[in-house]
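Student: Starting off with a structure, shown below.
The values are calculated or read from the model by the stated rules, or taken from the named source; none is laboratory data. Predicted model, so just to flag it, every value in this text is computed and none were measured. Note that each Cβ is placed from the backbone with ideal geometry, even for glycine, and that neighbours are counted across all protein chains shown.
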Amino acid sequence: MKIYQFAIELLVCIAMCYFLGCTQPHTNPQVILSTELGNIVIEVYIHKAPITAANFLRYVDEDRYREAHFYRVVTMNNQPNNEIKIEVIQGGIGFIESELRLAPIEHETTDKTGILHKNGVISMARAEPGTASSEFFICIGDQSELDFGGKRNPDGQGFTAFGQVIRGMEVVKKIHEQPEQKQMLVSPIKITTFRRVR
C-alpha cells in the first residue's frame, strides 16, 4: 500500500515539474558589446522579432562583427535638414563592402512585434524596407517617430526594433557625446567584443 501511494505521489510530482517547466517564460539571449568606453549589455527579443533577432545573433555567433565600430551619432544639433529629429548612436560593419555582411532580411514592423523605440532600444538601420542587414542603432530617449507610422522615414514603415540595453546606457550616452562632423564620429569607437552572456 505504501509503495502504491509513493508511486502515485511520484507521478504527481513528475507531472507538476513537467507542467511548471513547460509554462516558464522563455528567456531571451543577452549579448555583451565591449568598447573602449565600457560594456553595453543587450537583451535580444528573439520571440518578438524572430527574423531580426536571429539575424543579429548570427552576426554575433559567426564573429561577423569582428571589425565593427560605433561610427555615427545623431543629436538634436546635427540634423538641420530634418524636420523630425531623433537621437541615436549607430554601429556595425559600416558602409564599406564586406564579405562579413549577410543578405538583407525581411522588415518586421513595430506594429507586428510590439517593440517600440523607447530609450535604450536597439533597432536595425535600413534604406528601403527589406534592406536591413548588419547596421544597427540604439535609441537615446524615446523615439516614437521611428515606429511604424512614424514620420522620420517617409515610407511610414518605421524601423525594426529587436532588443533593449539592460546595462551600460551610461556608455551609450558617452558615445553619443563624442566629437562628430556631420553625424560621423571623428574617432569611431571600436567594438572589441560581441559575445553572448553564458
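Student: Pick out the one residue from GLU170, GLU177, GLU145 that is charged (D, E, K, R) and farther than 18 Å from VAL74 by Cβ. Outline the logic, then answer.
Tutor: Working: GLU177 fails: farther than 18 Å from VAL74 by Cβ; GLU145 fails: farther than 18 Å from VAL74 by Cβ.
GLU170 is the lone residue from the list that is charged (D, E, K, R) and farther than 18 Å from VAL74 by Cβ.
Student: Looking at the stretch 93-106, is at least one residue closer than 14 Å to PHE159 by Cβ and acidic (Asp, Glu)?
Tutor: Yes.
Student: Cβ-Cβ below 8 Å, separation at least six or inter-chain, first residue in the stretch 57-72 and touching a residue at least 24 places away in the same chain (Cβ under 8 Å), second among the basic types (Lys, Arg) and part of a helix (DSSP H, G or I): which pairs?
Tutor: Filtered contacts from the stretch 57-72: ARG64/ARG58.
Student: Within the set of pairs 6 or more residues apart or between chains, which connect a residue that is under 18 Å from PHE137 (Cβ atoms) inside the stretch 32-43 to a residue that is buried (at least 18 other Cβ atoms within 10 Å of the Cβ) and polar (S, T, N, Q) with Cβ atoms less than 8 Å apart?
Tutor: Final answer for the pair search is ILE42/GLN164; GLU43/GLN164.
Student: Related question: Might you check whether a residue that is modelled with pLDDT of 95 or more and within 18 Å of the chain's Cα centre (by Cα) occurs anywhere in the stretch 177-187?
Tutor: Within the stretch 177-187 (the criterion being modelled with pLDDT of 95 or more and within 18 Å of the chain's Cα centre (by Cα)), the answer is no, since none of the residues qualifies.
Student: Here is a further query. Given the conditions (1) under 20 Å from ASN153 (Cα atoms); (2) touching a strand residue (DSSP E or B) at 6+ places or on another chain (Cβ under 8 Å), which single one is not true for HIS69?
Tutor: (1)
Student: Of all strands (runs of 3 or more DSSP E) completely enclosed by the stretch 55-150, which ones contain at least 2 residues that are at pLDDT 95 or above and among the hydroxyl-bearing types (Ser, Thr, Tyr)? Don't jump to the end; show me each part of the working.
Tutor: Numbers: elements: 69-74, 88-92, 121-124, 136-139.
Qualifying strands (runs of 3 or more DSSP E): none found.
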